[in-house]
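> Sharing a structure, written as structure tokens. Questions coming.
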């Protein structure tokens, strides 16, 4: 496929002989204290039902790095659908947002990830009755120190099993690890996300505010927690 660079930095890959094309777009979100999340969004544009249902993305992982599913980290009950790359000490280095796909009418199409060694596979479950084109969107992010700190809390032993379970529950309610951290950092607003999200965000902040590594690496969490409490009054 021949790449074409657009003005906003998106690279478009297409081929006249293929019914699938790809757009690769750089992502950046800045939170409090200029802590930045950077990543890439790869949009897969699927034109018809004869196209493949699996799309493979191979990564040149460093020694000791591996893919880990959210199910492995959080357990089946609190699975967020995310995929992580961790280092040899199980520290989170990258996070992939949950797989999603939509048809031409904006209807959600079932989509999920599979891991095969160093390859991440996105499966898109369309059929001949689907409205095309279908767009699927695997996005991945280089994590901040805050994501790493929260991940260490979830995997650690400083809290009781019951409290860890509650933290996992709040993270899932907020849409996953990355979204939870963006909300805590103030990079994403909770104001229009509804009472349930606001409650889960307040509970998560309250649960982990006493951890020094969270305070040190998650700038804005105290401010966010105070805003949540003020909104709930």
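The values are calculated or read from the model by the stated rules, or taken from the named source; none is laboratory data. Computed from a predicted model, the values in this text were never measured in an experiment. Positions of Cβ are generated from backbone atoms using ideal geometry, with glycine treated the same way; all protein chains shown enter the neighbour counts.
> Please specify each residue of the stretch 48-73 satisfying the condition of being surrounded by 14 or more Cβ atoms within 10 Å (Cβ to Cβ) and over 18 Å from residue 135 (Cβ atoms).
59, 61, 65, 66, 67, 68, 69, 70, 71, 72, 73
Residue by residue, here is whether (1) modelled with pLDDT under 90; (2) in contact with a helix residue (DSSP H, G or I) (Cβ under 9 Å, 6 or more places away or on another chain) holds:
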| site | (1), (2) |
| --- | --- |
| 137 | yes, no |
| 143 | yes, yes |
| 150 | no, yes |
| 172 | no, yes |
| 175 | no, yes |
| 180 | no, yes |
| 185 | yes, yes |
| 207 | no, yes |
| 211 | no, yes |
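> Of the residues that make up the stretch 213-227, is at least one surrounded by 15 or more Cβ atoms within 10 Å (Cβ to Cβ), in a helix (DSSP H, G or I) and in contact with a strand residue (DSSP E or B) (Cβ under 8 Å, 6 or more places away or on another chain)?
So far as the stretch 213-227 goes, no, none of its residues is surrounded by 15 or more Cβ atoms within 10 Å (Cβ to Cβ), in a helix (DSSP H, G or I) and in contact with a strand residue (DSSP E or B) (Cβ under 8 Å, 6 or more places away or on another chain).
> Within the bounds of the stretch 126-138, is there any residue that is touching a residue at least 60 places away in the same chain (Cβ under 8 Å), exposed (fewer than 14 other Cβ atoms within 10 Å of the Cβ) and assigned by TED's automatic domain parsing to the domain that holds residue 81? Quick ask: steps written out before the conclusion?
As a first pass, look at the stretch 126-138 and keep what is touching a residue at least 60 places away in the same chain (Cβ under 8 Å): 126-128, 130, 132-138.
Filter once more, so that each one left must be exposed (fewer than 14 other Cβ atoms within 10 Å of the Cβ): 127-128.
Remaining after also requiring assigned by TED's automatic domain parsing to the domain that holds residue 81: 127-128.
So far as the stretch 126-138 goes, yes, one or more of its residues are touching a residue at least 60 places away in the same chain (Cβ under 8 Å), exposed (fewer than 14 other Cβ atoms within 10 Å of the Cβ) and assigned by TED's automatic domain parsing to the domain that holds residue 81.
> Name, by its number, the condition in (1) without any contact (Cβ under 8 Å) to a residue 60 or more places away in the chain; (2) over 21 Å from residue 76 (Cα atoms); (3) assigned by TED's automatic domain parsing to the domain that holds residue 154 that does not hold for residue 219.
All conditions pass for residue 219, except number (1).
> Another question about this same structure. Which residues, taken from the stretch 74-97, are surrounded by fewer than 21 Cβ atoms within 10 Å (Cβ to Cβ) and in a helix (DSSP H, G or I)?
Listed by number, the residues that qualify are 76, 77, 78.
> Can you tell which of 172, 199 is under 19 Å from the mean Cα position of the chain (by Cα) and either loosely packed, with under 15 Cβ neighbours inside 10 Å or within 25 Å of residue 97 (Cβ to Cβ) (or both)? Explain how you work it out, then say what you get.
Details: 199 fails: under 19 Å from the mean Cα position of the chain (by Cα).
Among 172, 199, only 172 is under 19 Å from the mean Cα position of the chain (by Cα) and either loosely packed, with under 15 Cβ neighbours inside 10 Å or within 25 Å of residue 97 (Cβ to Cβ) (or both).
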